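Working notes, structure below.
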Amino acid sequence: MNSTLAFIGGGNMASAIIGGLIKAGRPADSILVVEPFEAQRAKLQAEFAGLRVHEAAANAGLAEAALLVWAVKPQLFGAAAAPCAAHVSQALQLSVMAGIRSETIARATGAARVVRAMPNTPALIGQGIAGLYANAAVSAADRALVEAVLAPTGRTLWVDAEADLDAVTALSGSGPAYFFYVVEAMTAAAQQMGLSEAQGRELALATCAGAAALGLQSSESPSVLRERVTSKGGTTYAAITSMQAAGVGEAIQRAVLAAQHRARELGDEFAG
């Protein structure tokens, strides 16, 4: 962790990782960022004093990076990789881009060692979880380095097959949106029952956050935890029965599978 880290792209996810590393004690001047947009460069420099921020890859010092983090939009990867390839082939590549497969990254950069990560937006507050996949050239030391770099953003979970990242994308990558969709509906119901929007939002968010914390700490299954709240003939029973009659559970499963299917399609598209 004492060598230089380089980021191609300095948006929200890159900023979350950089901020976490600096907060954990890493010197800002050991991190360099290539970010073409002036407003974002200014924001990074204002937020992280000493950070080495460059407009373009040329003369940015990429060759000194032991780890290169790809944090650009997937559709911009090809154009971003072209000027970097001559400098980064020896570095460990870590991608937080959706849809760009490890073979595509290796081919575009000339690098053998590639790790793909699928983080989610709670990483911005250190409460995320990232699914990780490493190709065959990645060593145990490389894996440890990736874990250390991503530790400030939350949890990590390794998968054995790259195709499993499509499932990770569908479940946890897109998952925060499902959660907020439920909170939206709960808040709307609160207003129908006479509570204010602010009251409904606070009650819904705190309830969901507490339930998630309970689930993480408990060894019992979600089904058992649900049943503990559900007394036959009671209020929860009325709600769960209504959701079951409406096919809510099946609809959620179909939605997650649709997201997985789209993730697979994007991977095929970006593979060219």
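The conditions are (1) modelled with pLDDT under 95; (2) within 22 Å of Ile105 (Cβ to Cβ), and Gly20 fails exactly one of them. Which is it?
Looking at each condition in turn, Gly20 falls short on (2).
Surrounded by fewer than 23 Cβ atoms within 10 Å (Cβ to Cβ), out of contact with any Gly (no Cβ under 7 Å at 6 or more places or on another chain) and not polar (S, T, N, Q), is that true of Ala86?
yes
Where the second residue is surrounded by fewer than 20 Cβ atoms within 10 Å (Cβ to Cβ) and of a type in the set (S, T, N, Q) and the first is part of a loop (DSSP other than H, G, I, E, B) and lies in segment 1-27, which pairs have Cβ atoms under 6 Å and are six or more apart or on separate chains?
Listed by first residue and then by second, the contacts come to Gly10/Gln40.
Is at least one residue of segment 177-197 surrounded by 14 or more Cβ atoms within 10 Å (Cβ to Cβ), touching a Pro at 6+ places or on another chain (Cβ under 7 Å) and either under 26 Å from Pro74 (Cβ atoms) or assigned by TED's automatic domain parsing to the domain that holds Arg107 (or both)?
Checked against the condition, which is being surrounded by 14 or more Cβ atoms within 10 Å (Cβ to Cβ), touching a Pro at 6+ places or on another chain (Cβ under 7 Å) and either under 26 Å from Pro74 (Cβ atoms) or assigned by TED's automatic domain parsing to the domain that holds Arg107 (or both), segment 177-197 yields no hits at all.
Need at least 3 residues that are over 21 Å from the mean Cα position of the chain (by Cα) and within 16 Å of Phe179 (Cα to Cα) per element, so show me which helices (runs of 4 or more DSSP H) inside segment 205-271 make the cut, counting only ones lying wholly within it.
Passing ranges, in order: 248-271.
Taking interchain pairs and intrachain pairs at least six residues apart, which have beta carbon atoms under 6 angstrom, with the first residue in segment 121-149 and in a loop (DSSP other than H, G, I, E, B) and the second among the hydroxyl-bearing types (Ser, Thr, Tyr)?
Qualifying pairs under 6 Å: Asn135/Ser102.
Which ones in segment 94-111 are among the aliphatic types (A, V, I, L, M) and assigned to a loop (DSSP other than H, G, I, E, B)?
Once the filter is applied, which keeps residues that are among the aliphatic types (A, V, I, L, M) and assigned to a loop (DSSP other than H, G, I, E, B), segment 94-111 yields Val96, Met97, Ala98, Ile100, Ala111.
Taking segment 191-204 on its own, how many of its residues are over 19 Å from Tyr178 (Cα atoms) and in a helix (DSSP H, G or I)?
The total comes to 5.
Regarding segment 69-90, can at least one residue be identified that is closer than 18 Å to Leu5 by Cβ, at pLDDT 95 or above, touching a Phe, Trp or Tyr at 6+ places or on another chain (Cβ under 9 Å) and assigned to a strand (DSSP E or B)?
Scanning segment 69-90 turns up at least one residue that is closer than 18 Å to Leu5 by Cβ, at pLDDT 95 or above, touching a Phe, Trp or Tyr at 6+ places or on another chain (Cβ under 9 Å) and assigned to a strand (DSSP E or B).
With the requirement that a residue be assigned to a strand (DSSP E or B), in contact with a helix residue (DSSP H, G or I) (Cβ under 6 Å, 6 or more places away or on another chain) and either at negative phi or polar (S, T, N, Q) (or both), what does segment 151-166 give you?
The answer is Thr156, and nothing else.
The values are calculated or read from the model by the stated rules, or taken from the named source; none is laboratory data. Note that the structure is a prediction, hence the values are computed from the model and not measured. Cβ atoms come from the backbone with ideal geometry, glycine included; neighbour counts cover every protein chain shown.
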